[in-house]
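A.B. asks: Before we start, here is the structure in question, set down as structure tokens.
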Amino acid sequence: MSHIGSYDERVKNFSWSISEKELDYKPGDLINIGWYCTDRICEQGKGDKTAFIWEGMTGEERRYTFHDIRRASNTIGAFLKNQGIRPEDRVCLFLDRVPELYFGFLGILKIGAIAQPLFSAFGDEALLVRMKDAQTKAIITQRKHIAKVRRIRDQLPWLEHIFIVDYDGKHPLQEKETAFALDREKPVEKLDVYSTQAESPSVLHYTSGTTGQPKGVKHVHYSLISQYLTSKWVLDLHEDDIYWCTADPGWVTGTSYGIIGPWSLGITQCVLDKGFSAEAWYAFIEKHKISVWYSAPTAIRSLMKAGEEAVKKHDLSSLRHLTSVGEPLNAEAVIWSEKVFGLPFLDTYWQTETGSIMISNYPDMRVKPGSMGKPFPGIEAAVLDPATHEPFKEPGKIGLIAFKPGWPAMMRTYWNNEETYRAKFKNGWYLSGDRSSIDKEGYFWFTGRDDDVINTGGHLVSPFEVESALLEHEFVAESAVVSKPDEVNMEVVKAFITLKPGVETNDDTELKIMNFIRKKLSPLAMPQEIEFVDSLPKTRSGKIMRRLLHAREWGEEIGDTSTLENEE
Ligand code: PRX
């Protein structure tokens with residue numbers, strides 16, 4: 001049993017004031033995530049403790065104490081302020097997992113501005129729509145990504161600054177560009193942290209839906225109250241742990257649990273700025289004696305593929321607690337991890353919108369492989385009847401996963417899109433857009449999404465975004481994008497295309513289309529397969545029936561298509 005008591009006890013005695021007290025926060029106080037993650041830890045006398053162990057692509061390693069990350073975030077914050085960045089301005093972080101990404105995130109929050117992290121592999125179009133929507137004032141990036149920014153900046157009238165963290169002086173800087181080198185700036189020992197309050201905006205994460213452009217999920221500084229306690233109780237972080245979150249901060253896991261949660265607890269965390277390989281990952285765990293690991297099902301399935309032999313080559317005895325998020329964690333993966341690491345991966349479920357873990361397995365609770373576990377204490381979760389939006393009374397029925405709003409890390413709105421935000425609530429419940437059932441013992445069993453969004457390797461892809469990119473190509477008449485099964489990524493993107501008259505169906509056509517959309521989309525959203533068809537199935541009102549194509553790919557019963565044809 002863990003040091004904090006059993007799950008049931010914690011549920012019974014729960015109040016968010018437990019977290020507030022541990023953080024010395026009282027309602028009405030100022031609260032700033034950047035300060036909590038650095039200055040407060042130093043004030044507690046832990047300034048010389050290692051905060052960050054970073055390893056780059058070529059194996060170079062850098063280590064930073066809490067004093068170092070406090071100073072680095074001060075330095076970036078002060079620089080941004082001097083450049084005219086004001087509270088609530090949106091500052092985009094468009095960086096690989098370099099140290100400046102982590103320190104920049106905290107520096108932006110310290111001066112009251114809003115951090116907008118975007119995955120550095122995003123193509124022009126993906127970057128453009130997100131920066132346009134947020135009216136982003138500044139972007140912090142690297143040389144290797146500057147070409148993308150240069151290609152779109154004329155379409156971004158609000159963008160005043162482009163900061164380059166690794167400028168080498170070889171090519172002249174262009175309009176609006178400024179070089180910023182952390183190691184050449186005078187370290188700022190003291191920074192006036194902006195007086196952010198509980199409801200002051202902190203982070204803007206973009207997430208994809210079925211229709212329309214990606215939505216900007218607005219979070220506030222008070223989210224810390226959830227992120228701190230879930231990190232402590234679910235990730236089970238203890239003072240001497242060495243923690244590794246494999247997620248990129250372009251996604252919410254990489255900020256809530258790759259920056260905020262662990263550092264607000266004063267925990268040492270590691271980052272590997274390198275693509276996936278089983279060998280590299282195991283070597284990383286062994287080298288840094290990682291004890292707590294937060295990863296994702298696709299990575300775990302890839303490790304399974306690499307086999308048990310790869311595990312045996314390394315001493316992984318430092319591992320104590322394994323957790324997973326982002327997609328369904330299949331029972332086989334849990335059983336496999338128990339066999340090879342001697343520990344099960346514990347599944348956690350949440351979303352960009354929820355800001356923190358909502359349903360989870362806990363160190364002291366029996367794991368049922370394949371189940372997502374139970375709601376975090378203080379979270380009221382239910383499965384609603386889709387017809388009435390009332391919770392099912394009996395266990396075992398599949399319905400909509402819903403939460404009673406009010407936990408600290410809940411999104412406050414969708415940026416510029418209050419209407420879509422409001423539509424997420426029914427009968428006083430927040431609808432997650434996912435489906436599951438609850439068993440007799442209160443465990444949740446995920447069954448799927450309630451919309452057409454594709455979850456490939458843990459990354460949400462909007463079919464609409466891919467279809468829009470395809471339709472911009474001169475050869476394409478119509479397109480429909482669905483998922484198809486995949487052993488490792490669970491599902492991948494497949495595009496059906498009808499071509500304009502006179503265009504030939506051949507490999508050259510496919511290549512041209514693929515090359516065209518590659519520049520617009522992130523590599524994760526790229527179709528793994530294109531199928532040219534003469535026509536697409538449509539409803540009577542002319543809407544493309546993605547559902548039918550999806551069913552075909554998954555070998556599911558298509559059912560009565562005449563009713564589908566009548567669908568609006
Ligand atoms: O469909 C669910 C799936 O990922 C969605 C949220 O994605 P995103 O906002 O990108 O955040 C991912 C990381 C927090 C959910 O609506 N999802 C997330 N965790 C799980 C999951 N599906 C099944 N099991 C999970 N544990």
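The values are calculated or read from the model by the stated rules, or taken from the named source; none is laboratory data. Keep in mind that what you see is a predicted model, and the values were worked out from it rather than measured. Note that each Cβ is placed from the backbone with ideal geometry, even for glycine, and that neighbours are counted across all protein chains shown.
A.B. asks: Select from the stretch 328-352 the residues that are at pLDDT 95 or above, within 16 Å of the ligand (Cβ to nearest atom) and not aliphatic (A, V, I, L, M) and list them in ascending order.
C.D. replies: Ser337, Pro344, Phe345, Asp347, Thr348, Tyr349, Trp350, Gln351, Thr352
A.B. asks: Please identify the pairs in which a residue from the stretch 121-136 that is aromatic (Phe, Trp, Tyr) has its Cβ atom under 8 Å from the Cβ atom of a residue that is part of a loop (DSSP other than H, G, I, E, B) and at pLDDT 95 or above, counting only partners at least 6 apart or on another chain.
C.D. replies: Here the result reads Phe122/Gly250, each pair linking the stretch 121-136 to a residue that is part of a loop (DSSP other than H, G, I, E, B) and at pLDDT 95 or above.
A.B. asks: Might you let me know whether the stretch 407-430 holds any residue that is assigned by TED's automatic domain parsing to the domain that holds Val203, polar (S, T, N, Q) and more than 16 Å from the ligand (Cβ to nearest atom)? Give the derivation first.
C.D. replies: Keep residues of the stretch 407-430 that are assigned by TED's automatic domain parsing to the domain that holds Val203, which gives 407-430.
Of the ones still in play, those that are also polar (S, T, N, Q) are 413, 416-417, 420, 427.
Then drop every residue that is not more than 16 Å from the ligand (Cβ to nearest atom), which leaves 416, 427.
Among the residues of the stretch 407-430, at least one is assigned by TED's automatic domain parsing to the domain that holds Val203, polar (S, T, N, Q) and more than 16 Å from the ligand (Cβ to nearest atom), which makes the answer yes.
Results for (1) buried (at least 20 other Cβ atoms within 10 Å of the Cβ); (2) among the β-branched types (Val, Ile, Thr); (3) free of Cβ contacts under 8 Å to residues at least 40 places away in the same chain, shown as yes or no for each residue.
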{"position": "Pro27", "(1), (2), (3)": "no, no, no"}
{"position": "Gly34", "(1), (2), (3)": "yes, no, no"}
{"position": "Phe52", "(1), (2), (3)": "yes, no, no"}
{"position": "Asp68", "(1), (2), (3)": "yes, no, yes"}
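A.B. asks: A further question on this structure: Is it true that Ala477 is part of a strand (DSSP E or B), under 26 Å from Ile517 (Cβ atoms), small (Gly, Ala, Ser) and more than 16 Å from the ligand (Cβ to nearest atom)?
C.D. replies: Yes.
A.B. asks: Just checking: which of the strands (runs of 3 or more DSSP E) contained wholly in the stretch 252-327 hold 3 or more residues that are within 16 Å of the ligand (Cβ to nearest atom) and touching a Phe, Trp or Tyr at 6+ places or on another chain (Cβ under 6 Å)? Write out each step before concluding.
C.D. replies: Working: elements: 268-272, 292-295, 321-324.
Answer list for the stretch 252-327: 321-324.
A.B. asks: List pairs: first residue in the stretch 446-475 and touching a residue at least 60 places away in the same chain (Cβ under 8 Å), second residue within 9 Å of the ligand (Cβ to nearest atom) and assigned to a helix (DSSP H, G or I) anywhere in the structure, Cβ distance under 7 angstrom, at least six positions apart or on different chains.
C.D. replies: Gly458/Pro297
A.B. asks: Same structure, new question: Taking the residues in the stretch 518-568 that are among the β-branched types (Val, Ile, Thr) and touching a strand residue (DSSP E or B) at 6+ places or on another chain (Cβ under 6 Å) as candidates, determine which candidate is modelled with the lowest pLDDT. Let's see the steps before the verdict.
C.D. replies: Start the filter on the stretch 518-568 by keeping residues that are among the β-branched types (Val, Ile, Thr), which leaves 530, 533, 539, 544, 558, 561, 563.
Going one step further and asking which of them are touching a strand residue (DSSP E or B) at 6+ places or on another chain (Cβ under 6 Å), we end up with 530, 533, 544.
Working: Ile530: 96, Val533: 95, Ile544: 83.
Residue satisfying both the conditions and the ranking: Ile544.
A.B. asks: For the stretch 194-213, name all the residues that are more than 12 Å from the ligand (Cβ to nearest atom) and modelled with pLDDT of 95 or more.
C.D. replies: Correct list: Tyr194, Ser195, Thr196, Gln197, Ala198, Glu199, Ser200, Pro201, Ser202, Val203, Leu204.
A.B. asks: May I pose another question? What number goes with the only condition from (1) in a loop (DSSP other than H, G, I, E, B); (2) of a type outside the set (A, V, I, L, M); (3) in contact with a strand residue (DSSP E or B) (Cβ under 9 Å, 6 or more places away or on another chain) that Phe496 does not pass?
C.D. replies: Of everything listed in (1) in a loop (DSSP other than H, G, I, E, B); (2) of a type outside the set (A, V, I, L, M); (3) in contact with a strand residue (DSSP E or B) (Cβ under 9 Å, 6 or more places away or on another chain), Phe496 misses just condition (1).
A.B. asks: So Ile379 fits all but one of (1) in contact (Cβ under 8 Å) with a residue 40 or more places away in the chain; (2) of a type in the set (Val, Ile, Thr); (3) part of a loop (DSSP other than H, G, I, E, B); what number is the exception?
C.D. replies: Here Ile379 clears every test but (1).
A.B. asks: Taking the stretch 214-245 only, how many residues are in a strand (DSSP E or B) and either within 13 Å of the ligand (Cβ to nearest atom) or not charged (D, E, K, R) (or both)? Reasoning before the result, please.
C.D. replies: Here is the first cut: in the stretch 214-245, the residues in a strand (DSSP E or B) are 215-220, 242-245.
Those still in the list that are either within 13 Å of the ligand (Cβ to nearest atom) or not charged (D, E, K, R) (or both) too: 215-217, 219-220, 242-245.
Within the stretch 214-245, residues that are in a strand (DSSP E or B) and either within 13 Å of the ligand (Cβ to nearest atom) or not charged (D, E, K, R) (or both) number 9.
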